[in-house]
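Here you go, one structure.
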Amino acid sequence: VIGGFKQMTYSQQHAGPKKICAAFTVVDSSGVELSCTLWGNFATTLFNYLNGRTNNEPVVIIIKHGKIKDASDSYAVSIGNAWNGTKVFIDADYDDAKKIANR
């Protein structure tokens, strides 16, 4: 999945009874919005990146080998990280990412 970061919809930034979590929306190159959820270190990496930004340029997120969660009742299809095998790239230097950033 490659998409431009649109908004954070939920965040749990400190470990406690709940795991660290970042739920957000990305928009792909065709304008389709997709819900994403990152857990643990993936979420921490995203929080650190977003909090450390010094500009307002678009943020492009790539989730490789993510886990697809089927739609149910009031929830749309979403993607998240699996506990092993998932790779997350933020503002990576790839042509497809640049196209989304320049939209």
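The values are calculated or read from the model by the stated rules, or taken from the named source; none is laboratory data. Treat the numbers as computed from the prediction; the structure is a model and nothing was measured. As a convention, Cβ positions derive from the backbone with ideal geometry for all residues, glycine included, and neighbour counts pool all protein chains shown.
Being touching a Lys or Arg at 6+ places or on another chain (Cβ under 6 Å) and within 17 Å of Phe24 (Cβ to Cβ) is the filter; apply it to region 65-86 and report the residue that is surrounded by the fewest Cβ atoms within 10 Å (Cβ to Cβ).
It comes out as Ser78.
For Asn41, which of the numbered conditions (1) in a helix (DSSP H, G or I); (2) modelled with pLDDT under 90; (3) of a type outside the set (A, V, I, L, M, F, W, C) fails to hold?
Unmet for Asn41, out of (1) in a helix (DSSP H, G or I); (2) modelled with pLDDT under 90; (3) of a type outside the set (A, V, I, L, M, F, W, C): (2).
Filter region 40-80 down to the residues that are farther than 21 Å from Asp93 by Cα and either within 11 Å of the chain's Cα centre (by Cα) or among the acidic types (Asp, Glu) (or both) and list them by number.
Correct list: Asp70, Asp73, Ser78, Ile79, Gly80.
For region 13-51, how many residues are touching a strand residue (DSSP E or B) at 6+ places or on another chain (Cβ under 7 Å) and without any contact (Cβ under 8 Å) to a residue 12 or more places away in the chain?
Looking only at that region, the number is 1.
Something else about it: If we scan region 31-38, do we find a residue that is surrounded by fewer than 17 Cβ atoms within 10 Å (Cβ to Cβ) and at pLDDT below 90?
No, every residue in region 31-38 fails to be surrounded by fewer than 17 Cβ atoms within 10 Å (Cβ to Cβ) and at pLDDT below 90.
Which number in (1) buried (at least 17 other Cβ atoms within 10 Å of the Cβ); (2) assigned to a strand (DSSP E or B) marks the one condition that Leu46 misses?
It fails just one condition, (2).
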